[in-house]
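Enquirer: This is the structure, below, for whatever I ask next.
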Amino acid sequence: MKRLMLALALATGPVMAFAAGPATVYDMTQELSNKLATEALAICHGMDRQGVVAVVDRGGNLVSLMRDDNVGPHNTQAAWRKAFTALSTKTPTKEFARKAQSSPDTVNLNTVNELLLLGGGVPVKYRGQVIGAIGLAGTGGGDSDDRCGADAIRNVLGESASQK
């Protein structure tokens, strides 16, 4: 019986140790953040729009902020809050806002200080992990804000990275 227990312990020991090991974690780098922000504004410019783009890392920290000339100052804060909301909820803010408004249990989420329930925030996913988010404001509405952010992620990371 002791030999059986010892054999089981030895056989399962490495598996247990492996499961307790550190996780592989991907992060938003400065380089990636700048590429996303630059690409998002380029897409907006292609639509004859101007705006502000903010990119946050997995902790909600601002990594990049780019602002076109003559964009209202409130849009800088809005872009960061949209990115923060998308990161925090792991959901595009346009979709999250619709869900929040449709339920009496969640409609008051707009009272949480940092959340902004407007379209324009998109989580950045890489290999199944949310590594940050991008937020845009001032481009003329949530639809164009959303499009510039989502297209930038797709162009920089590829379709497969943003879907996993």
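The values are calculated or read from the model by the stated rules, or taken from the named source; none is laboratory data. Remember, it's a predicted structure, so these values are computed and weren't measured experimentally. Cβ sites come from the backbone with ideal geometry, for glycine too, and all protein chains shown count toward neighbours. Accessible surface areas use protein heavy atoms only, side chains included; no ligands, DNA or RNA. Shrake-Rupley method; radii C 1.70, N 1.55, O 1.52, S 1.80 Å.
Enquirer: Kindly write out, for segment 53-69 in residue order, the coupling ³J(HN,Hα) from the Karplus curve 6.51 cos²θ - 1.76 cosθ + 1.60 (θ = phi - 60°), rounded to whole Hz, with x marking Gly and Pro.
Expert: Values per residue, Gly and Pro as x: 10, 10, 10, 10, 8, 5, x, x, 7, 5, 10, 9, 9, 10, 9, 6, 5 Hz.
Enquirer: How long are the semi-axes of the equivalent ellipsoid of segment 16-164, taking √(5λ) for every eigenvalue λ of the Cα gyration tensor, in whole Å from largest down?
Expert: The three semi-axes for segment 16-164 are 25, 20, 13 Å.
Enquirer: Can you list the chymotrypsin sites (Phe, Trp or Tyr not before Pro) in segment 51-145 that are in a DSSP coil and have 16 or fewer other beta carbons within 10 angstrom?
Expert: none
Enquirer: Turning to a different aspect of this structure: Based on Cβ point charges of +1 for Lys and Arg and -1 for Asp and Glu, what charge dipole magnitude is obtained for segment 49-133 about its Cα centre, in debye rounded to the nearest 20?
Expert: Charge dipole, segment 49-133, about its Cα centre: 280 debye, nearest 20.
Enquirer: With θ taken as phi - 60° and the coefficients 6.51, -1.76 and 1.60, list the Karplus ³J(HN,Hα) couplings across segment 109-126 in order, rounded to whole Hz; mark glycine and proline as x.
Expert: Once rounded to whole Hz, the list reads 4, 5, 8, 6, 3, 8, 6, 10, 8, 9, x, x, x, 9, x, 9, 10, 9.
Enquirer: Also: What is the magnitude of the charge dipole of segment 13-160 about its Cα centre, with +1 placed on the Cβ of each Lys and Arg, -1 on the Cβ of each Asp and Glu, and no other charges, expressed in debye to the nearest 20?
Expert: 300 debye
Enquirer: Need the list of aspartates and glutamates near Lys82 for cross-linking: C-alpha distance under 15 angstrom, and skip anything on the same chain fewer than eight residues off.
Expert: Asp57, Glu95, Glu114, Asp143, Asp145, Asp146
Enquirer: Might you tell me the accessible area per residue for segment 58-164, computed with a 1.4 Å probe and given in Å²?
Expert: That works out to 50 Å² per residue.
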